[in-house]
1. Checking the conditions here, which among S106, S132 is under 19 Å from V271 (Cα atoms) and hydroxyl-bearing (S, T, Y)?
2. Kindly indicate the residue of the stretch 35-52 that is among the hydrophobic types (A, V, I, L, M, F, W, C) and under 15 Å from T287 (Cα atoms) and also surrounded by the most Cβ atoms within 10 Å (Cβ to Cβ) among those meeting that condition.
3. For E205, indicate whether it is in contact (Cβ under 8 Å) with a residue 24 or more places away in the chain, out of contact with any Phe, Trp or Tyr (no Cβ under 9 Å at 6 or more places or on another chain), in a helix (DSSP H, G or I) and acidic (D, E).
4. For the stretch 10-22, state whether one or more residues are in a loop (DSSP other than H, G, I, E, B) and over 16 Å from T243 (Cα atoms).
5. Which members of the stretch 118-155 meet the condition of being under 16 Å from the mean Cα position of the chain (by Cα) and modelled with pLDDT under 95?
6. Among the residues of the stretch 259-286, write down those that are surrounded by fewer than 17 Cβ atoms within 10 Å (Cβ to Cβ), closer than 24 Å to H239 by Cβ and in contact (Cβ under 8 Å) with a residue 12 or more places away in the chain.
7. Show me the strands (runs of 3 or more DSSP E) entirely contained within the stretch 76-138 in which 3 or more residues are within 27 Å of R301 (Cα to Cα).
8. Within the stretch 55-97, how many residues turn out to be surrounded by 15 or more Cβ atoms within 10 Å (Cβ to Cβ) and small (G, A, S)?
Amino acid sequence: MSEEKDVVIIGSGPAGLTAAIYASRALLRTLVVAGRTPGGQLMITSDVENFPGFPDPILGPDLMVRMREQASRFGTEFLDDDVTAVDFKKYPLEVEAGGEKYTARSVIIATGASALWLGLESEKKFMGKGVSGCATCDGAFFKNVPLAVVGGGDSAMEEALFLTKFASHVTVIHRRDRLRASPIMAKKASEHPKISFIWNSVVKEITGDKSVNGVIIEDVNTHKTTKLDVKGVFVAIGHRPNTDIFKGQLPLDEKGYIILKEGTYTGVKGVFAAGDVHDHRYRQAITAAGWGCMAALDAQRFLEGRD
């Protein structure tokens, strides 16, 4: 068993690193279990233009490196390994990672959520080069060009409607013959002059050279394939919160997101959560960072109350 920490932060995206900066500046013994692939979703993002303080675009990985360096400067310790088990039913809390158990007076969960992808090799090839999972993040890079949105739920309709601000046209590709979106969102998208639909179809391949120039679409009924010329593909088939390891330890909703009681408090003694692991509405780097700040302050007040 290692030395007890005041705060163990699980996750190293904007939420986890902001929490680390605040906790370490408050002179709390802080450990970030960063994961074997640290940095969160910004590690697969190219230019970030909407994070305050950067008048020029900054690469997502570069932003995460800067945040980590800032946390390190205040004394944060890092473990680049995955958490394999937690025990929140006892106090102090226990977190197991890298074959070692860590005891913690408080834990901040910032494991985020993972976008669901199509699973195509070409999708991986063009990630950040025309393939995106966030219209709010990347839509402004696609001005006056045709785009495709894959999906049929509320998120897909929100993405398509947002993209009409920039794109010359948006084509929604959906595997069924009707939308899963709520009636009001479906109506808005269906009536928009810049949005059209391709039904009963799936994307089989994303084409291009250095960047996306089209998609190969297959009709699920006839299996006939066609090519659609687009300059960007936005995949909006949902997100999955990274909470499997917390099942039975924390209150989760039906989709697996952590349920908060007050502020960032989970309702389990000493355990707080920040970012996309509970926030399925905004899903932005800056909102995740804000939640990280709040979680660190909540953890600090919790510890002061115990002391």
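1. S106
2. Result: L42.
3. No.
4. Within the stretch 10-22, not a single residue is in a loop (DSSP other than H, G, I, E, B) and over 16 Å from T243 (Cα atoms).
5. Selection gives M127, G128, S132, G133, C134, A135, T136, C137, D138, S155.
6. Result: I259, G263, G267, H280, I286.
7. It comes to 77-79, 83-87, 93-97, 100-104, 107-109.
8. 4
The values are calculated or read from the model by the stated rules, or taken from the named source; none is laboratory data. Computed from a prediction, not measured in an experiment: that's the story for all the values here. All Cβ positions, glycine included, derive from the backbone under ideal geometry; neighbour counts span all protein chains shown.
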